[in-house]
1. Within the stretch 93-111, identify whether any single residue is within 29 Å of residue 182 (Cβ to Cβ) and touching a His at 6+ places or on another chain (Cβ under 6 Å), and answer yes or no.
2. Checking the conditions here, which among 248, 183 is among the hydrophobic types (A, V, I, L, M, F, W, C), touching a residue at least 60 places away in the same chain (Cβ under 8 Å) and farther than 21 Å from residue 320 by Cβ?
3. Scan the stretch 193-208 residue by residue and report those that are crowded, with 18+ Cβ neighbours inside 10 Å and more than 21 Å from residue 170 (Cα to Cα).
4. Being in contact (Cβ under 8 Å) with a residue 40 or more places away in the chain and open to solvent by 40 Å² or more (accessible area, probe 1.4 Å) is the filter here; which residues of the stretch 252-270 pass it?
5. Anything in the stretch 164-212 that is more than 16 Å from the ligand (Cβ to nearest atom) and out of contact with any strand residue (DSSP E or B) (no Cβ under 9 Å at 6 or more places or on another chain)? List them, or say none.
6. Residues in the stretch 100-107: is at least one of a type in the set (Ser, Thr, Tyr), modelled with pLDDT of 95 or more and crowded, with 24+ Cβ neighbours inside 10 Å?
7. Can you spot a residue in the stretch 223-245 that is touching a helix residue (DSSP H, G or I) at 6+ places or on another chain (Cβ under 8 Å), under 24 Å from residue 308 (Cβ atoms) and open to solvent by 90 Å² or more (accessible area, probe 1.4 Å)?
8. Out of 164, 148, 179, I need the residue that is buried (at least 18 other Cβ atoms within 10 Å of the Cβ), over 19 Å from the mean Cα position of the chain (by Cα) and not assigned by TED's automatic domain parsing to the domain that holds residue 282. Which one?
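The values are calculated or read from the model by the stated rules, or taken from the named source; none is laboratory data. Here the structure is a predicted model, which means the values were calculated and not measured. Heads up, the Cβs are rebuilt from the backbone with ideal geometry, glycines too, and the neighbour counts pull from every protein chain shown. In case anyone asks, the SASA skips ligands and DNA or RNA and just uses the protein heavy atoms, side chains included. Shrake-Rupley method; radii C 1.70, N 1.55, O 1.52, S 1.80 Å.
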Amino acid sequence: MKRIGILTSGGDAPGMNACIRAVVRNVLDNGMESIGIKRGYTGLIEGDMVALDRKSVANVIHRGGTMLETSRCPEFTTPEGRAKAIKALKEAEIDGLVLLGGDGTFRGGALLANECSVSISGVPTTIDNDVYGTDYTVGFDTAVNTALEAIDRIRDTALSHERLFFVEVMGHHTGFIALESGIAGGAEETITPETGNTDDLWTRLRESFEHGKKSAIVVVAEGDQPGHTFAIAQEAKDKLKIESRVCILGHVQRGGSPTAHDRVLASNLGSAAVSALLKGKSGYMVGQVKNEIVYTALAHTWGKKKALSTRLEELASLLSA
Ligand code: F6P
């Protein structure tokens, strides 16, 4: 193997730059060349590439976003789109590819692996943490801490005004960010797509207000309907006759300097992805489970469902009052 390409695809995640840095340095240390592919699969289709040396990844470990830029690329889901990408890979003489992204990225990667001889390694980078085969994805810890900072600030104003607040956090199909930021922020309630319904919520909130509670924070995962928290707040008004406020955290959670945890995870997985290619492993995502590097076939990363921790769900419910 002589030349390794790297791309970032899908939603950006804090720690992607730390990961790119680790990939590039491990590639160079093994006497190979490193090629950055710009704007995810879009740049791959267009052959938008740049050579990366040790210096080009200096001073990026602390930066959010992705220095290679990213995209969601519907064209790559078509055989024609992938044929263009394969042509570009051939022309650039790339024989190994490291993909940074989430389930959408790995779906594309699995298709590509079946259609060409380039070896492929994936690294899970998404704030949602919804990838099977790793305890944590790169960017999740930073997003949780960003959400937590916001929840702490909201608690100040919620207490001052004796208000009920609904705070909507990201998490496309899953409630990982909601659950952890909810526990860390002492949320009175947490609503996730997994637990979903709000049937008991109104009873519990009514009881706690009747018992003297003057303010409360309910953390809501956006699920597949960003902004649906406004409808929940309306329900609160109808059912509890309580005025509330809604705060949608949105893309604030995607940016910012990665936490130490995310930088270490990103560095470890980025380096491991290159080592996997060198060991002849292709078509796998490298993840970290119980502090060990594990390999998961790309198809399993979205084909198998990563469940929320039942223990943490029980904890959230035990500690909310
Ligand atoms: O990267 C994951 C994620 O942030 C989800 O939590 C969210 O639903 C989605 O991406 C938003 O995507 P976009 O930035 O394309 O609006």
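1. no
2. 248 is the lone residue from the list that is among the hydrophobic types (A, V, I, L, M, F, W, C), touching a residue at least 60 places away in the same chain (Cβ under 8 Å) and farther than 21 Å from residue 320 by Cβ.
3. The answer is 205, and nothing else.
4. 252, 254, 256, 257, 261, 263, 268
5. 184, 195, 196, 199, 200, 202, 203, 206, 207, 210, 211, 212
6. Yes, the stretch 100-107 contains at least one residue that is of a type in the set (Ser, Thr, Tyr), modelled with pLDDT of 95 or more and crowded, with 24+ Cβ neighbours inside 10 Å.
7. Looking through the stretch 223-245, at least one residue is touching a helix residue (DSSP H, G or I) at 6+ places or on another chain (Cβ under 8 Å), under 24 Å from residue 308 (Cβ atoms) and open to solvent by 90 Å² or more (accessible area, probe 1.4 Å).
8. 164
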